[in-house]
Amino acid sequence: MKVLVAAPLHEKAIEILKNAGLEVVYEEYPDQERLKELVKDVSAIIVRSKPKVTKEIIDVAPNLKVIARAGVGLDNIDVEYAKSKGIEIVNAPAASSRSVAELAIALMFNVARKVAFADRKMREGVWAKKQCMGFELEGKTLGVVGFGRIGYIVAKIANAIGMNVLIYDVNKNEERAKEVGGKLVELDELLKNSDIVTLHVPLTKETYHMIGERELKLMKPNAILINTSRGAVVDTNALVNALQEGWIAGAGLDVFEEEPLPKDHPLTKLDNVVLTPHIGASTVEAQERAGMEVAEKVVKVLKG
Ligand code: NAD
């Protein structure tokens, strides 16, 4: 049986496939025409956020039994159609949780201590010591919005740093909250009382623009917003206004309503914002875990 690996995959994952007796065909990010040729006789396809596995691709792959995403999001796969054809979809939803949580913490320190701003000034030859007054995280209050896999790890690290933790989630898990020294509250209370608000909800109809003008105005003027979830959880126009007009003090953003973030976007003009290009899962460890987990799942589907 043949497995098409259509995106970079950790070598340990390739080994798992080969050790199970599967033939591995590797071609990095083929275009749609090339992908149509490659899938003709394969039993499995492994992708990352690319390439797209559309109905058209599925229709020319009669042997296909499983589509694997070495990561979390399934936006590039026609999941409904694949399922209607009896094709299994597997992914690795927890593989990057630690990495995303650590990036959220990194952004908090970065914004609180103006690290990126200071670095930019140094490169311009400016010793901006006076403009770089920051604040400590210990003793401050962190509001965690979405207390799932990633939110839980962020809360645990924040607790270890000595932060007070407020938690908002539709699912009220008192026991897990207690584990991280956190207190479950409603969203408005969290926004009013947090020095840093960090978002870890999935993007759904309910969470679309969950943080808009009203919510940003509830936050403290010296508060920071961190978003490593999905760009559209925040109303970007309202956030730009908030940062320009001082409703809040700063933001650390890994995700955007439009990705890649357009060149010259107003966010790129603001000194109190730290921007990263959706790199939450971009660590050696997360990629290794994701690759190995989906390789094992593919073997299980094909070999039982
Ligand atoms: P998860 O499913 O484990 O946790 C999400 C939590 O949000 C759950 O506890 C759920 O009850 C809660 N929730 C859902 N809807 C809610 C609502 N309307 N109000 C309040 N709480 C709500 O997910 P996770 O693995 O922790 O991932 C969280 C987010 O991180 C997702 O948006 C995911 O897309 C994103 N993510 C980003 C990157 C990155 O590279 N930046 C990588 C992986 C995941």
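Each value in this text was obtained by applying a stated rule to the coordinates, not by laboratory testing. Note that the coordinates shown come from a computational prediction; the quantities given were computed from them, not determined experimentally. No Cβ is skipped: glycine too gets one built from the backbone with ideal geometry, and neighbour counts run over all protein chains shown.
Odds and ends about this structure:
- Under 15 Å of direct C-alpha separation, and excluding same-chain neighbours fewer than eight residues apart, Lys220 reaches these aspartates and glutamates: Asp188, Glu189, Asp195, Glu245.
- Using a Gaussian network model of the chain in which every pair of alpha carbons under 10 angstrom is joined by a spring, one finds that among Ala94, Ala128, Ala68 the greatest mean-square fluctuation is at Ala128.
- For the stretch 200-304, the Cβ-based charge dipole about the Cα centre amounts to some 300 debye (Lys, Arg positive; Asp, Glu negative; other atoms uncharged).
- For the chain, built as a Gaussian network whose Cα springs stay under 10 Å, the top-fluctuating residue of Asn159, Asn171, Asn91: Asn171
- Calculated SAXS-style log₁₀ I(q)/I(0) at q = 0.06, 0.08 Å⁻¹ - the chain, Debye, Cα scatterers: -0.24, -0.42
- For the stretch 89-140 versus the stretch 1-70, the gap between their alpha-carbon centres in whole angstrom: 36 Å
- The Kirkwood hydrodynamic radius of the stretch 125-243, based on inverse pair distances between different Cα atoms, is 14.8 Å.
- With neighbours defined as other Cβ atoms within 10 Å of a residue's Cβ, the residues Ser96, Ser282, Ser84, Ser194 order from fewest to most as Ser84, Ser282, Ser96, Ser194.
- Percent of C-alpha pairs per 10 Å bin in the stretch 4-153, short distances first: 10, 29, 21, 17, 15, 8, 1.
- Only Cα sites of the stretch 205-259 enter the Debye sum here, all with the same form factor; the resulting log10 I(q)/I(0) across q = 0.14, 0.23, 0.30 1/Å is -0.31, -0.83, -1.32, listed in q order.
- DSSP H segments from the chain that extend 27 Å or more along their own axis, Cα-based, with Kyte-Doolittle mean of -1.0 or above: 284-303
- Computed on the Cα atoms alone, the convex hull of the stretch 197-304 gives a volume of 127 cubic angstrom per residue.
- Order of Met108, Met163 under a 10 Å beta carbon neighbour criterion, fewest first: Met163, Met108
- Rounded to whole Hz, the Karplus (6.51, -1.76, 1.60) HN-Hα couplings of the stretch 44-57, x for glycine and proline: 8, 10, 10, 10, 10, 6, 9, x, 7, 10, 9, 4, 4, 5
- Listed by chain and number, the lysines whose alpha-carbon sits under 20 Å from that of Lys50, ignoring those within fewer than 8 places in the same chain, are Lys2, Lys36, Lys40, Lys65, Lys83, Lys297.
- Among Tyr81, Tyr168, the order by Cβ neighbours within 10 angstrom, fewest to most, reads Tyr81, Tyr168.
- Packing-based order for 216-224, 195-203, 130-138, using average beta carbon neighbours within 10 Å, highest first: 195-203, 216-224, 130-138
- Mean separation of Cα contacts under 8 Å (6+ apart) over length of the stretch 7-141, as relative contact order %: 16 percent
- Computed over the stretch 1-40, the alpha-carbon pair-distance distribution with 10 angstrom bins reads 30, 52, 19, 0, each value a whole percent.
- For the stretch 58-144, the Cα-based Rg and Dmax, in that order, read 22.5, 66 Å.
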